[in-house]
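In what follows, a single structure is set out as structure tokens and then discussed.
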Amino acid sequence: MRTGVRSRWDKAVLVCAKCSKKLDGGFGDPARPLAKALRRHLKLKNGPKARAGVVEVKCLDVCPKGAVVVVDSDRPGEWLLVRPGDDLDAVAGRLGLDG
């Protein structure tokens, strides 16, 4: 029986699914949840073969109005608020996913 799984991730980004659901998408051309829009914008695959993980988590208990809470695994003490219409290149840069 396996006790672990290897991953190619350099980092993980946690995105609050509840915040995304409250905004009804709003990221990208057809309104998408933030996690899906980031994965598509950065051309990331799903699962352990991707170079980074963008993972939706149930709720981070911050619940800002008009924004989605995002946690970068490199800086867990500094949470980001991303609003619909924010430039995904800028968001990726703030998360260290641009390169």
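Condition check ((1) more than 16 Å from V91 (Cβ to Cβ); (2) in a helix (DSSP H, G or I); (3) of a type in the set (G, A, S)) across all residues:
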position	(1), (2), (3)
L14	no, no, no
K22	yes, yes, no
N46	yes, no, no
V55	no, no, no
K65	yes, no, no
V69	no, no, no
P76	yes, no, no
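Suppose the filter is open to solvent by 50 Å² or more (accessible area, probe 1.4 Å), aromatic (F, W, Y) and in contact (Cβ under 8 Å) with a residue 24 or more places away in the chain; does W79 pass it? Steps first, answer last, please.
On the way: open to solvent by 50 Å² or more (accessible area, probe 1.4 Å): yes; aromatic (F, W, Y): yes; in contact (Cβ under 8 Å) with a residue 24 or more places away in the chain: no.
Here the answer is no, as W79 does not meet what is asked.
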Checklist entry - Taking into account only those residues within the stretch 84-99 that are at pLDDT 90 or above and charged (D, E, K, R), which is least open to solvent (accessible area, probe 1.4 Å)? => result D86
Checklist outcome for this item: Subset of the stretch 45-67, residues open to solvent by less than 80 Å² (accessible area, probe 1.4 Å) and under 11 Å from the mean Cα position of the chain (by Cα), comes to A52, G53, V54, V55, V57
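Which residue is least open to solvent (accessible area, probe 1.4 Å), if the candidates are limited to the stretch 24-44 and must be among the small types (G, A, S) and in a loop (DSSP other than H, G, I, E, B)?
Looking only at the stretch 24-44, we keep the residues that are among the small types (G, A, S), and these are 25-26, 28, 31, 35, 37.
Now restrict to residues that are in a loop (DSSP other than H, G, I, E, B): 25-26, 28, 31.
Working: G25: 8, G26: 33, G28: 48, A31: 72 Å².
Checking each candidate, the answer is G25.
The values are calculated or read from the model by the stated rules, or taken from the named source; none is laboratory data. These numbers come from a predicted model, not from an experiment. When we count neighbours, we look across all protein chains shown, and the Cβ atoms used for this are built from the backbone with ideal geometry, even at glycine. Surface areas here come from the heavy atoms of the whole protein model, side chains and all, with no ligands, DNA or RNA. Shrake-Rupley method; radii C 1.70, N 1.55, O 1.52, S 1.80 Å.
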